[in-house]
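The values are calculated or read from the model by the stated rules, or taken from the named source; none is laboratory data. All figures in this text were calculated on a predicted structure; none of them were measured in a lab. Neighbour counts are summed over all protein chains in view; Cβ atoms, including those assigned to glycine, are modelled from backbone coordinates with ideal geometry. Accessible surface is based on the protein model in full, side chains and every heavy atom, while ligands, DNA and RNA are left aside. Shrake-Rupley method; radii C 1.70, N 1.55, O 1.52, S 1.80 Å.
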Amino acid sequence: MRTRSIRALLLGAMVSSAALSLVLMGAFFTLFSYDLEDTLFARLVATAMDEHGGDGVMPLGIRTYVGHASLPSWLQAEVPADALGGEYEIFPPGHGHFHVAVRPDVSTGLTRYGVLDTTELTGTTRQLRRTSGLLVVSAVLALLGAAGLSLLVARRLGVPLERLVAQVQSGQATRAEDIVVTEVRALSQALSARDVRIQELLERERAFNRDASHELRTPLAVAQGAVEILELDPPRDSATFERLRQAVLQMGLLTEGILWLARPGRSDETCGLVGISRELLALYGGHLSRGDVALVIEATDEVVVPLPGSVARVMLGNLIKNALAYTEEGRIVIRVTPEAWSIDDTGVGFGRSEPEQRGFGVGLSLVERLARRFQWTLDLRAVEPHGTHVRLTWPS
């Protein structure tokens, strides 16, 4: 949906309101002019008849008639013989515009008529035409004034909003006391309160991750020591021992990844993605592969990236395990270039597995959060006709 600035919205609203007001005022003025003109003519002919009774010299050339038969035929057609006393406005075809005062005379049984020809006197329409240019100029000036006022109001509201947006985007603290618009100040205070809550939640999460990771390190160290001792004299159930060794190793990597999420600041450590990819394929490829799957690494030279090796093992290891878990046949191809690390499989495809098998648990979530933590970009999507493509890119 196309967005518009608050200045454009205010300008459009106020100019539209001004234009609508001018149109309504023009219409009301025109109707009022016609109504006032008719009222004046009706009162004029009524006053003349009431004061003079139809005798003597009548103002504005009002003509009087006694009896309905004395009226011209075209007036007789417009004024009924039984018309009640009062004033009437008539428009006889081909004769013009007239106002007629009807005064029944009870003593004689005849009705007196006062007829005022206002054809030449009704100049409202012609006057409006003559002054249309002035009306148009007035309307344009009014619209320009409304536009200027709209710009002023929009600026008074838009500048604080734009300043607030700039402060939020730059990460600066917003100063509500510097904002004079009440609603914008309330928005600034709400944003500041939200930032405080977010920082508290983030700090609480970091503290929990840090404490949980440290608490897990001790039992993991004990378990890893036990595995190393057992390696000196491997038990007869080698498959079970291998699963135990892999689980302890995976728990160690997971703990290390969670601990990195709790560490503030950036790291200057680097690692080689090609070597780590080969190491992880050798580690997981044998016991996690579900069928006849070819494991391929496509790379020319080692690619060194700004990422701690332990974090790279967590991120790449989870993605490789996911590909192995959802691919029963075909190929899993890892490509490492100076721009990106990617993995493609021919498995069921992301989002297409059965509901009870869907979801990658904490593994994918940890990869996403570690990617954000080190400003990497994770792109994960299904490919046609089947399979999944995952791409990791890092800051240049």
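Just a few scattered comments:
- Checking each residue in the range 10-32 for being hydrophobic (A, V, I, L, M, F, W, C) and open to solvent by less than 70 Å² (accessible area, probe 1.4 Å) picks out Leu10, Leu11, Ala13, Met14, Val15, Ala18, Ala19, Leu22, Ala27.
- Some residue of the range 194-211 being surrounded by 12 or more Cβ atoms within 10 Å (Cβ to Cβ), under 23 Å from the mean Cα position of the chain (by Cα) and at pLDDT below 75: no
- Hits in the range 55-91 (condition: assigned to a loop (DSSP other than H, G, I, E, B), under 18 Å from Asp105 (Cα atoms) and open to solvent by less than 50 Å² (accessible area, probe 1.4 Å)): Gly67, Leu71, Val79, Ala83
- Leading residue by the ranking (least open to solvent (accessible area, probe 1.4 Å)) among those in the range 296-319 that are charged (D, E, K, R) and more than 15 Å from Phe374 (Cα to Cα): Glu298
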